[in-house]
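Data block below; observations after.
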Amino acid sequence: MVLVLAQRELRSLFLSPLAWSVLAVVQLILAYLFLATLNEYFTLQPQLQVLDNAPGVTEIVVGPLYGSAAFIFMMVVPLLTMRLVSDERRNRTLPLLFAAPVSMSETIVGKYLGVVAFLALMTLIITLMPLSILIAGPIDFGLLALVALALVLLVASFAAVGLFMSTLTVQPTVAAVSTFGVLLLLWIIDWAGARVEDPAATGLLTYLSMLRHFEALAKGLFSTTHVTYFILFISVFIVLSIRRLDGDRLQR
Amino acid sequence: MTQDTLVSVEHLTRHYGPLTAVDNIAFELARGEVLGFLGPNGAGKSTTMQMLTGNLAPSAGRISICGLDLLDSPKAAKAQIGYLPEQPPLYLEFTVDEYLRFCARLNRIANDQVTQAVERARERCGLQQVGNRLIGNLSKGFRQRVGIAQAIIHSPSVVILDEPTVGLDPIQIREIRALIRELGTEHSVILSTHILPEVQMTCDRVQIINRGKLVFSDSVQHLSQRMESSSLVVGFRNPPSGDALGALPGVTAVEALSGQRLRISHSVDQDPTDALVEHAVNSGWQLTELTPEYKTLEQIFVDITATEYETEAGEAA
């Protein structure tokens with residue numbers, strides 16, 4: 001049942017021009033960045049050959065590419081998630097889901113999986129670029145896989161926030177703007193953390209920052225701490241979304 | 001004849017803040033019955049329907065569908081319901097077929113039966129020609145039909161239609177009414193409407209809801225009887241005194257109209273026509289006109305909802 005809903009969501013995304021233009025724009029920008037960093041690698045290559053234990057092409061190219069991708073996703077994911085619930089509420093299609101033999105959790109998880117499938121597809125397309133280096137020489141598959149996983153986790157967390165914001169409002173644009181606000185705040189929250197004297201507060205703010213967890217994974221250090229952070233983050237927002245949508249039916 | 005009860009509602013209440021939209025209503029619906037829900041705007045018809053379909057949680061009361069409590073086992077109960085809300089819940093970017101396939105799968109129809117179910121629903125609602133068209137490009141009447149197709153795609157025991165004939169042309173309205181009657185043979189149907197003759201044509205039973213309260217609930221046959229004469233208009237060339245007429249059995253009031261005509265109101269179960277004619281002949285009143293007056297459903301509706309206002313005003317004063 002979850003899959004039926006996810007499939008519908010994915011289909012609706014592909015039926016809208018928005019998803020296609022997002023795909024095109026993101027791909028164009030990242031392709032440009034990929035070529036630029038690759039070019040930089042070639043100019044650096046003579047110097048790198050002299051070094052002991054020099055960083056490989058994967059490290060030099062993939063790190064910046066996925067870092068930029070993460071930042072671009074932060075701006076793009078709110079646009080993809082904004083319509084999830086708010087649009088249904090606006091078009092009054094929610095009664096269809098409420099009257100169907102489907103639980104509220106299934107509805108929300110289905111919608112979420114639909115949009116995450118789209119985002120995973122985007123990540124896959126982005127990953128094709130570093131894979132193309134294979135034509136010229138070997139790459140570090142382990143690092144690439146981990147960075148791609150980190151990006152998927154990060155983007156899935158963005159989508160969870162977007163979904164929740166979409167359940168709060170009837171206006172998709174309001175959902176998009178508030179999602180972007182929350183994501184940006186969580187992205188930069190450790191800047192303030194660095195200035196606070198109290199080490200406990202610094203620790204908390206740093207822990208909350210999505211950037212820290214993403215960077216740690218993207219460096220190639222797999223740690224359950226960071227993976228747990230993302231999974232917890234996603235679960236919290238999904239549960240909040242279910243509660244919120246359930247609230248539509250209840251006493252106000 | 002024993003009929004099994006498909007829908008049973010007890011003490012159903014719903015508040016919106018300080019406003020009580022639905023106030024302690026109770027009713028039952030048997031298999032194969034078409035129930036018409038009537039009421040002025042804002043009376044609580046849609047709210048009741050939303051509660052029946054799980055779109056709103058009741059503030060108090062119980063709803064059971066086919067013996068399944070809607071709150072205790074929502075999935076099983078909802079599988080027995082097909083619902084068309086006031087505004088059909090359509091995904092405008094889908095084609096009719098895509099949309100109906102999605103609805104079929106949403107209602108847990110097995111994969112190998114989806115095509116068949118879509119085919120059947122399309123046929124019943126006259127949508128064969130538009131299967132490949134985008135819902136967004138369809139006219140309002142066709143969208144309404146897609147909405148009905150969506151509600152009956154899984155052959156639910158109970159079909160709940162909120163104003164199903166709004167925005168349709170007269171031919172479509174006739175088709176939809178015929179469809180509702182047909183649905184009524186194997187499913188139970190609850191429909192709300194503003195169009196009073198529609199109730200007479202399609203429903204077995206009528207409930208009138210006013211300001212959240214159920215003020216009338218009876219079969220259409222009884223309603224029709226109620227619509228039949230409860231007054232006579234008579235004309236005499238040699239009119240008798242009002243008292244002579246008032247003395248006739250069953251007469252409750254006599255009102256003088258223009259000329260030599262009079263309106264005689266009588267109780268529903270005692271028709272004084274025979275006695276009147278007999279007296280007229282014996283006493284030489286010279287009867288020239290005798291017309292039973294019919295009440296329209298509209299009058300009954302206004303009477304019922306208006307008396308309700310008056311009694312409430314009386315209680316308040």
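Any read-out appearing in this document is the output of simple, stated calculations on the displayed coordinates, not a laboratory observation. All values reported here derive from a predicted model rather than from experimental measurement. So basically every Cβ, Gly included, is an ideal-geometry build from the backbone, and we count neighbours across all protein chains shown.
Numbers below:
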{"read-out": "Exposure proxy ranking, count of Cβ atoms within 10 Å, fewest first, for A:L51, B:L68, B:L84", "value": "A:L51, B:L68, B:L84"}
{"read-out": "Estimated distance in nm for a label pair at B:L290 and A:S223, the labels positioned 7 Å out from Cα along Cα-to-Cβ", "value": "10.3"}
{"read-out": "Per residue, the convex hull volume that the Cα atoms of the protein assembly as shown enclose (Å³)", "value": "213"}
{"read-out": "Given charges at Cβ of Lys, Arg, Asp, Glu: the stretch B:231-293 dipole, positive-most of B:S231, B:G259, B:P292", "value": "B:G259"}
{"read-out": "Value of D in µm² per second that Stokes-Einstein yields for the stretch A:2-250, Kirkwood Rh from Cα pairs, at 20 °C (1.002 mPa s)", "value": "110"}
{"read-out": "Ascending count of other beta-carbon atoms within 10 Å, so fewest first, for B:C125, B:C66", "value": "B:C66, B:C125"}
{"read-out": "Value of [θ]222 nm, deg cm²/dmol, for the protein assembly as shown, DSSP H segments ≥ 4, -39500 (n - 2.57) each, nearest 500", "value": "-18500 deg cm²/dmol"}
{"read-out": "Efficiency of FRET from Cβ geometry, B:S219 and B:A247, R₀ 30 Å, rounded to 0.05", "value": "0.30"}
{"read-out": "Residue (of B:Q150, B:Q221, B:S283) at the positive-pole extreme of chain B, dipole from beta-carbon charges", "value": "B:Q150"}
{"read-out": "HN-Hα J in Hz across the stretch A:25-36 - Karplus 6.51, -1.76, 1.60, θ = phi - 60°, x for Gly and Pro", "value": "5, 4, 5, 4, 5, 5, 5, 4, 5, 4, 5, 5"}
{"read-out": "Magnitude of the charge dipole, the stretch B:5-225, Cβ model with Lys/Arg +1 and Asp/Glu -1, debye to 20", "value": "220"}
{"read-out": "Fully extended contour minus Cα-Cα distance, from B:D169 to B:S283, at 0.36 nm per residue", "value": "35.5 nm"}
{"read-out": "Share antiparallel - DSSP beta bridges, chain B, percent rounded to 5", "value": "70"}
{"read-out": "Order of A:F42, B:F301 - criterion: other Cβ atoms within 10 Å of each residue's Cβ, fewest first", "value": "A:F42, B:F301"}
{"read-out": "Label-to-label distance, nm, for residues given as B:Q260 and A:T206 (7 Å Cα→Cβ offset)", "value": "11.1"}
{"read-out": "Computed over chain A: relative contact order in percent, which uses C-alpha pairs under 8 Å that are six or more apart", "value": "26"}
{"read-out": "Test item: Cα-centred dipole of the stretch B:163-251, Lys/Arg +1 and Asp/Glu -1 on Cβ, debye", "value": "280"}
{"read-out": "Cα→Cβ-extended label distance, 7 Å offset, between A:F42 and B:K140, nm", "value": "6.4"}
{"read-out": "Residue among A:L134, A:L79, A:A201 farthest towards the positive dipole end of chain A, charges placed on Cβ", "value": "A:L79"}
{"read-out": "Highest-MSF residue in chain B out of B:N238, B:N24, B:N55 [GNM, Cα springs under 10 Å]", "value": "B:N238"}
{"read-out": "Charge dipole (debye, nearest 20) of chain A; +1 at Cβ of Lys and Arg, -1 at Cβ of Asp and Glu", "value": "1040"}
